[in-house]
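Asks: Shown below is the structure under consideration.
The values are calculated or read from the model by the stated rules, or taken from the named source; none is laboratory data. None of these values were measured; they are calculated from a predicted model. A quick note on method: Cβ atoms are made from the backbone with ideal geometry, for glycine too, and the neighbour counts reach across all protein chains shown. Quick note on the areas: whole protein, heavy atoms, side chains included, nothing else; ligands and nucleic acids left out. Shrake-Rupley method; radii C 1.70, N 1.55, O 1.52, S 1.80 Å.
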Amino acid sequence: MSQVFIDQALKTVYAVIMNLVRTCDPDGFVLGGGVVLNGWFLEKLQPYLSKKTNRFLSQGIAITTLDTRYITLIGCSILVQKGLVQFNV
């Protein structure tokens, strides 16, 4: 049962990445968070990635070098700095 769950998660992440590559044309992807921290998830994800689509990622797919304990805080601060989030105090 757990292997089924892992396979489904890998296929879902693969589908999201491939759809974003085809619609947004990014140079690369950076994955972050506790799930990908030790490299296991990216290693298991590689066989799913289409070489045809992956060739458009000049920078490839990497794991973040940011401290994963603070990723949410960093993302929120960027949104606030850009004025994309407003607080009603």
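Asks: Working only within the stretch 18-55, note down all residues that are more than 20 Å from T68 (Cα to Cα) and either within 11 Å of the chain's Cα centre (by Cα) or open to solvent by less than 70 Å² (accessible area, probe 1.4 Å) (or both).
Replies: Residues satisfying the conditions are M18, L20, V21, P26, Y48, L49, S50, T53, N54.
Asks: Can you name every residue in the stretch 1-17 that is surrounded by fewer than 11 Cβ atoms within 10 Å (Cβ to Cβ) and touching a residue at least 40 places away in the same chain (Cβ under 8 Å)?
Replies: Those that are surrounded by fewer than 11 Cβ atoms within 10 Å (Cβ to Cβ) and touching a residue at least 40 places away in the same chain (Cβ under 8 Å): none in the stretch 1-17.
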